[in-house]
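S.K.: Sending over a structure as structure tokens; questions will come in a sec.
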């Protein structure tokens, strides 16, 4: 594996980063800004990123976009539609996990994969969820058959789903860490920025090490989605999800602690990142028992 990104992959990552920075929410109040959300929806639709997989994108490329959109707390649908597209190019579709459709903003159909059988369901009214950046909804009505996929495609899709949710966790961790670093540089106590105190700088340094470790393990798992046999790619995806889940939760909790009292208020974005990390851990979740004891 060549760990370096190609020029095209760097351009894709940078474009996703710019979109997230320009139109993603910069405060909790922005989450209720419907004009901003409409502009964001149009921008994401124009990119065509929701059909990356059917357009021939690799697991690395899908993960790069997911990571940057999550870093910027982009609050329109991406994960559900891009995973649905990887199974069936059906306009307006998203994925369901169990009996709940995820990323339902602008979607009207939910796909469920049962073994190699695809089923499609209507989507009920959106309901409030823990993740403030993601709309979810119960399925409505009886599911209908939507076709069959090959066993290999089903296995690779499972690896992709786990990898992309891990990429969302990595992105949220990066965003929370940047938020905490910025605050530590600005907030002063005893005549000095709190970032100069070891009790603040050391946890932030440890968080950066966790992020760098997550980048390495996730990039390898994303490459493996297409490059290695399905059983091996699934094994690596599960390892990456376990690592990224633990690392991202630690980074986000540290960000809240660095903010002190304000970190426990509704107005601080740190809790929005933590919510996204916790929900992503449950989406296509991996139990520790599914990862062998002792990593090679």
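S.K.: Consider residue 284 against the criteria (1) part of a helix (DSSP H, G or I); (2) in contact with a helix residue (DSSP H, G or I) (Cβ under 7 Å, 6 or more places away or on another chain); (3) under 23 Å from residue 151 (Cβ atoms): it satisfies all of them except one. Which criterion is unmet?
M.R.: The single condition residue 284 does not satisfy is (1).
S.K.: Another question about this same structure. Which condition breaks for residue 194 when tested against (1) more than 24 Å from residue 285 (Cα to Cα); (2) surrounded by 15 or more Cβ atoms within 10 Å (Cβ to Cβ); (3) at pLDDT 95 or above?
M.R.: (3)
S.K.: Is at least one residue of segment 200-213 touching a residue at least 60 places away in the same chain (Cβ under 8 Å), in contact with a helix residue (DSSP H, G or I) (Cβ under 8 Å, 6 or more places away or on another chain) and crowded, with 16+ Cβ neighbours inside 10 Å?
M.R.: The initial filter retains those residues of segment 200-213 that are touching a residue at least 60 places away in the same chain (Cβ under 8 Å), namely none.
For segment 200-213, residues touching a residue at least 60 places away in the same chain (Cβ under 8 Å), in contact with a helix residue (DSSP H, G or I) (Cβ under 8 Å, 6 or more places away or on another chain) and crowded, with 16+ Cβ neighbours inside 10 Å: absent.
S.K.: Here's another thing I want to ask about it. Could you pull out the residue among 129, 115 that is out of contact with any helix residue (DSSP H, G or I) (no Cβ under 6 Å at 6 or more places or on another chain), within 28 Å of residue 211 (Cα to Cα) and either surrounded by fewer than 18 Cβ atoms within 10 Å (Cβ to Cβ) or free of Cβ contacts under 8 Å to residues at least 12 places away in the same chain (or both)?
M.R.: On the way: 115 fails: within 28 Å of residue 211 (Cα to Cα).
Sole residue among the options that is out of contact with any helix residue (DSSP H, G or I) (no Cβ under 6 Å at 6 or more places or on another chain), within 28 Å of residue 211 (Cα to Cα) and either surrounded by fewer than 18 Cβ atoms within 10 Å (Cβ to Cβ) or free of Cβ contacts under 8 Å to residues at least 12 places away in the same chain (or both): 129.
S.K.: May I ask you to verify whether residue 158 is assigned to a helix (DSSP H, G or I) and either in contact with a strand residue (DSSP E or B) (Cβ under 7 Å, 6 or more places away or on another chain) or free of Cβ contacts under 8 Å to residues at least 12 places away in the same chain (or both)? Step through it out loud before you land on a result.
M.R.: Numbers: assigned to a helix (DSSP H, G or I): yes; either in contact with a strand residue (DSSP E or B) (Cβ under 7 Å, 6 or more places away or on another chain) or free of Cβ contacts under 8 Å to residues at least 12 places away in the same chain (or both): no.
The answer is no for residue 158.
S.K.: Out of the helices (runs of 4 or more DSSP H) lying entirely within segment 1-108, which hold 2 or more residues that are surrounded by fewer than 15 Cβ atoms within 10 Å (Cβ to Cβ)?
M.R.: Once the helices (runs of 4 or more DSSP H) in segment 1-108 are filtered for at least 2 residues that are surrounded by fewer than 15 Cβ atoms within 10 Å (Cβ to Cβ), what remains is 7-23, 34-47.
The values are calculated or read from the model by the stated rules, or taken from the named source; none is laboratory data. Note that the structure is predicted; figures quoted are calculated from it, not measured. In this analysis, Cβ positions are derived from the backbone assuming ideal geometry, glycine residues included, and neighbour counts consider all displayed protein chains.
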